[in-house]
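The values are calculated or read from the model by the stated rules, or taken from the named source; none is laboratory data. Since we're looking at a predicted model, the values are computed, not measured. When we count neighbours, we look across all protein chains shown, and the Cβ atoms used for this are built from the backbone with ideal geometry, even at glycine. Please note that ligands, DNA and RNA were not included when accessible areas were found on the heavy atoms of the full protein model with its side chains. Shrake-Rupley method; radii C 1.70, N 1.55, O 1.52, S 1.80 Å.
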Amino acid sequence: MGYRYFFAPIVLPAPTVVREASPVRWEDFVGAETCGQCHAPQYRLWRSSTHGRAGGAPSRDIVIARFDGRPIRFSDATVTPRITAAGGYEFTVVQSGRPPVVLEVTGVIGGGHMVGGGTQGFVWEAPDGTLRFLPFDFIRREGVWFCNTIGRYQRGWVPITPELPLEACADWPPQRVVGTDRQFSNCQECHGSQIELQYDTVAKHYRTRYRDLRINCESCHGPGRRHVELARAGALDSASDIGLRSLTAVDKDQSLAICFRCHALKDVLRTGYLPGKPLEAYYSLGLPALGDKPWFPDGRVRTFAYQENHRFSDCYLSGSMTCLDCHDPHAQTYRDIWGRPLADRFDDGQCLDCHASKADRISEHTHHRADSPGSRCVACHMPYLQHPDLGRLLRFARSDHTIAIPRPAFDAALGIESACRQCHGNRSDQELEQAARRWWGEMKPHPALVTAMTQVGDSTSFSEAARWLLRPDLDHPLAQVLALAQLLERYVRPDMKDLDRATVRRLEQLAQARDLDVQALALAALHVAYGERRGVRRFLVRALGGLGGEREQWVRQRWKVAAAFLGDTYRERGQAREAVVAYQRALEVMPHDAAVLANLGLAYAAAGQWSEAAAALRESLANDPIQPSALANLGLALEQLGDAAGAVAAYERALALNPRDGVALVNLGNLRFRQGDVAAAGQRYREAIAANASLAAAHFNLARVYALSGRLADAAFEVQWGLAFEPASPDGIALLEEIRRARGQAP
């Protein structure tokens, strides 16, 4: 008789609790005017800079858009921007069959300052206390009102015309908030200074507060209260420090991180960030590479990104270049590496201080006349590139901070308008490529990882892709993040059967990287792909044990996000079992994480495992009770389990937290509809539409209520309103055809 050996599972160690050494409070910030009392020269420079004019309360001094009473015409709405008799700014929205909506402008974002396309937006204080962006933006260069359709009609940024429906605007009704809250789409804390968004569970109301809608001194320097107290007490010379972090002593990456608080794409790890807190604890700069693909393989902007692609530049990778080598931090004017002012953004002094040899007989290097625009360094190496996702109807371009070599054929293959083509649009890409090679010969090769990412295709095997994409021997963190993201999304599956030992070794080496995002993505890949193998598990345990302190927290958060992202990806593909495994791995890293538990509940629901779904959602709510959406999903699970009373209780709890939670209102309406209480269902659907008119399901279901009572015209109106938000909805299209037939109309 043989023997079977059973081994106890190797469990990842629980997270170490580390408290912030010096917590920063909103009350620790004093505002720019207080700073200006002692630092008058810097304050004067800042006030006239783009940061100092970045926003504020609406006034004639700051608003560049037309609030002259002339209507903005959509195909189904008229929006009138005007200044009231009391001096306030407002938009009045009129749509047929609906009451007028008046939106008072409480804040202005931007001043149209950016050369590549400057815009101005407006925010309104919603009844729930959030500040929400309005969908009516103004662009200075074209002088037109426009809106963003990304996420709904997918046309990019488009001018508002009588052919465009209001519902094409992704921010209608207003739902993108100032500040960071997981319940809403948001712009984080970038469009203002010291923004804090908190939910008051007693008042059932949000509190939004900020020091400024400009980008003030403390956005970079951190909280100034203690510094001011020391200065006013005359104790600056005798104190052990000045009460502020010195920004003259930071290294290259620390300097960049200050600017990247706003000038970078960031994934939220936790809410509540304020300047002075460690950015790494609240945001990841690399994890946006998962899913959205904001960068091309060589770092250029692919969707809607920022100057973080500076991290692809040779001037950064092989040198010491930071933002401050070119930009004056107070005036936002241009300067050279010695801090000497430059005339403008085209001044070659930005580059020739380091590349002095290029100044000798410069036309021999540029192959353009020395006094022509084509001989300016930035014209070729930092051209303004249009953000592709925004389309080309409105100019919104930003200088390419990868500081790339012009490669006309390669750029064209990516869909980028090369620096050469921007001036020589009458010539083909092949002609431009031939000229470039004739002038400069063989181009400097791309970094190895950039080449790898462009060559890995659908037919590439996992082991071959891993050999190309996993390069622990290179020092190029952001490219390594992009390569790891490509491997994770394209190849990694839970508990892969064939153990590729070479791939495991490479991942283990990357899991010891200095960069937090590289380390976390490598750990997540090992954990999801081979997490049941004892050797891999031992490595994961050792890796966690070797971190310690804050770094352990920061790596765990990123590792969890990456594993949970894979769970989301599998769930969206209909791979419920794989999604459950990925979420469970994320929970091994960060046990009791409410967001992951809530998504695990959705994965179980997708698999029809309603008891498990309810259990996961209950555990999520036990760890974070302030989750109306989790309560709404719990109600659905309980309905499937035949517990109608429990479902009602869950929906009512969601509405007790947030009376305007549209999803809970729709779900409760659906339950009442199935119970035969059509009147109560209709009331809930109307409340859902009042809370969030973009919920197409609320319109469709209210239409069914109207149709049952014979109100076919009202039913048709509701379906058409819902289809304005989801024009391709099969449910809405079929319902409209059914109603039209009932009315004797042609479908």
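What value, in deg cm²/dmol to 500, does the helix sum -39500 (n - 2.57) over DSSP H runs of n ≥ 4 give at 222 nm once divided by the residues of the chain? Please list the in-between numbers first.
Working: 30 runs with 307 residues, N = 747.
Calculated at 222 nm, the ellipticity per residue is -12000 deg cm²/dmol.
Can you check what the net charge comes to around Leu317, using other residues whose Cβ is under 11 Å from the Cβ of Leu317 (Lys, Arg +1; Asp, Glu -1)?
Details: positive: Lys252, Arg311; negative: Asp314, Asp475.
Neighbour charge sum, excluding Leu317 itself: 0.
Of Gly374, Thr322, Ala605, whose Cα points farthest to the positive end of the dipole of the chain (charges on the beta-carbon: +1 Lys, Arg; -1 Asp, Glu; origin at the Cα centre)?
Going by the charge dipole, the pick is Ala605.
List every residue whose amide H lies under 5 Å from the amide H of Val144, counting only residues 5 or more places away in sequence or on a different chain, with H placed 1.01 Å from N in the peptide plane.
Residues meeting the amide H criterion: Ile139.
Report the label-to-label distance for Lys293 and Ala448 in nanometres (one decimal), using points 7 Å from each Cα along the Cα→Cβ vector.
Inter-label distance under the simple model: 2.5 nm.
Using each residue's phi in region 416-426, evaluate 6.51 cos²θ - 1.76 cosθ + 1.60 at θ = phi - 60° and report the 3J(HN,Hα) Karplus result to the nearest Hz, with x for Gly and Pro.
Result, ordered by residue: 9, 7, 5, 4, 5, 5, 4, 9, 10, x, 8 Hz.
About its Cα centre, what dipole magnitude does region 348-471 give when the only charges are +1 on Lys and Arg Cβ and -1 on Asp and Glu Cβ, stated in debye to the nearest 20? Could you put the intermediate results ahead of the total?
On the way: 15 positive and 15 negative charges, 18 e Å.
Result for region 348-471 is approximately 80 debye, rounded to the nearest 20.
Using the structure shown, select from Lys358/Lys444; Lys204/Lys560; Lys266/Lys293; Lys293/Lys560; Lys252/Lys277 the pairs with a Cα to Cα distance greater than 21 angstrom.
Working: Lys358/Lys444 16 Å; Lys204/Lys560 30 Å; Lys266/Lys293 13 Å; Lys293/Lys560 19 Å; Lys252/Lys277 19 Å.
Lys204/Lys560, as the Cα separations exceed 21 Å there.
Scan around Ser185 for amide H atoms under 5 Å from its own, H built in the peptide plane at 1.01 Å from N, and keep only partners 5 or more places away or cross-chain.
Val177
Measure off 7 Å from each Cα along the Cα-to-Cβ vector at Gln434 and Arg514, then give the distance between these two points in nanometres to one decimal.
Rounded to a tenth, the inter-label distance reads 4.6 nm.
Output the peptides 251-259, 335-343, 135-143 sorted from most to least packed, where packing is the average of other Cβ atoms within 10 Å over each peptide's residues.
Packing order, densest peptide first, comes out as 135-143, 251-259, 335-343.
What list of ³J(HN,Hα) values in whole Hz, one per residue of region 171-186 in order, does the Karplus curve 6.51 cos²θ - 1.76 cosθ + 1.60 (θ = phi - 60°) give from phi, with Gly and Pro shown as x?
Going residue by residue, I get 9, 10, x, x, 9, 8, 9, 7, x, 10, 8, 5, 6, 10, 5, 7 Hz, with x marking Gly and Pro.
Compute the length gained on full extension between Ala370 and Thr248: take 0.36 nm times their separation in residues and subtract their Cα-Cα distance, giving the result in nm to one decimal. Present the calculation step by step, with values, prior to reporting the outcome.
Numbers: separation 122, 0.36 × 122 = 43.92 nm, distance 3.64 nm.
Full extension from Ala370 to Thr248 adds 40.3 nm.
Using θ = phi - 60° and the Karplus form 6.51 cos²θ - 1.76 cosθ + 1.60, what ³J(HN,Hα) does each residue of region 156-164 get, whole Hz, x for Gly and Pro?
x, 8, 10, x, 7, 9, x, 8, 9
Would you be so kind as to identify which of Pro165, Val268, Trp554 lies farthest towards the positive end of the dipole of the chain, taking Lys and Arg as +1 and Asp and Glu as -1 on Cβ and the Cα centre as origin?
It is Pro165, whose Cα lies furthest towards the positive end.
Grab the other residues whose beta carbon is less than 9 angstrom from that of Thr84, score K and R as +1, D and E as -1, and report the net. Don't jump to the answer; show the numbers that get you there.
Values: positive: Arg82; negative: Glu90, Glu104.
My count for the surroundings of Thr84 gives -1.
Mind running the shape call on region 1-94? Use the C-alpha gyration tensor, a ≥ b ≥ c as the square roots of the eigenvalues: rounded below 1.5 for a/c, prolate if a/b tops b/c, oblate otherwise.
Numbers: a/c = 4.64, a/b = 1.74, b/c = 2.67.
Oblate.
Using a 10 Å cut-off on Cβ atoms, rank the peptides 365-372, 724-731 from the highest mean neighbour count down.
Numbers: 365-372: 13.5, 724-731: 15.6.
Packing order, densest peptide first, comes out as 724-731, 365-372.
Using modelled amide H (1.01 Å from N, peptide plane; none on Pro or chain starts), what sits under 5 Å from the amide H of Leu385, excluding residues fewer than 5 places away?
When sequence neighbours closer than 5 places are left aside, the close amide H contacts are Arg398, Ser399, Asp400.
Just the number, please: carbon plus sulfur as a percent of the accessible area of the chain, 1.4 Å probe, no ligands or DNA/RNA counted.
Ligands and nucleic acids excluded, carbon and sulfur give 52 percent.
With the calculation restricted to Cα positions, what are the radius of gyration and Dmax of region 71-154 in angstrom?
13.6, 42
Excluding His330 itself, calculate the net charge of residues whose Cβ lies under 12 Å from the Cβ of His330, where each Lys or Arg counts +1 and each Asp or Glu counts -1. Please report the intermediate quantities before stating the final value.
Numbers: positive: Arg44, Arg47, Arg335; negative: Asp328.
Residues near His330 contribute +2 overall.
Can you compute the FRET efficiency between Thr303 and Asp328 using 1/(1 + (r/R0)^6), with r the Cβ-Cβ distance and R0 = 22 Å? Round to the nearest 0.05.
Working: r = 30 Å, r/R0 = 1.34.
With a Förster radius of 22 Å, E is 0.15.
Based on the Cβ-Cβ distance from Asp360 to Arg141, what FRET efficiency comes out when R0 is 35 Å, to the nearest 0.05? The partial results should precede the final answer.
Values: r = 37 Å, r/R0 = 1.07.
Efficiency for this residue pair is about 0.40.
Which whole-number percent is the relative contact order of region 77-185 (Cα, under 8 Å, 6+ apart)? Numbers along the way, then the final one.
Working: 202 pairs, mean separation 17.1, N = 109.
Relative contact order comes out at 16 percent.
Accessible area per residue of the chain at 1.4 Å probe, in Å²? All intermediate terms of the calculation are to be shown ahead of the outcome.
Numbers: 34400 Å² over 747 residues.
With the other protein chains kept in place, the chain gives 46 Å² per residue.
How high is the relative contact order of region 259-416, given as a whole-number percent (alpha carbon pairs under 8 Å, six or more residues apart)?
Details: 204 pairs, mean separation 29.9, N = 158.
It comes to 19 percent, rounded to a whole number.
Please report, in debye to the nearest 20, how large the charge dipole of the chain is about its Cα centre when each Lys and Arg carries +1 at its beta carbon and each Asp and Glu carries -1 there.
Details: 87 positive and 85 negative charges, 75 e Å.
The calculation lands at about 360 debye.
Would you work out which of Pro477, Val648, Val518 lies farthest towards the positive end of the dipole of the chain, given +1 charges on the beta-carbon of Lys and Arg and -1 on that of Asp and Glu, about the Cα centre?
Working it through, the farthest residue towards the positive pole turns out to be Val648.
Using unit Cβ charges (K, R positive; D, E negative) and no other charged atoms, how large, in debye to the nearest 20, is the dipole of region 558-619 about its Cα centre? Can you show the working numbers first?
Working: 7 positive and 7 negative charges, 20 e Å.
Computed about the Cα centre, the dipole is about 100 debye.
Any chance you could run the full-extension gain for Arg686 through Leu393? It's 0.36 nm times the residue separation minus the Cα-Cα distance, nm to one decimal. Kindly include the intermediate steps, with their values, before the conclusion.
Values: separation 293, 0.36 × 293 = 105.48 nm, distance 3.70 nm.
Stretched out fully, the Arg686 to Leu393 stretch lengthens by 101.8 nm.
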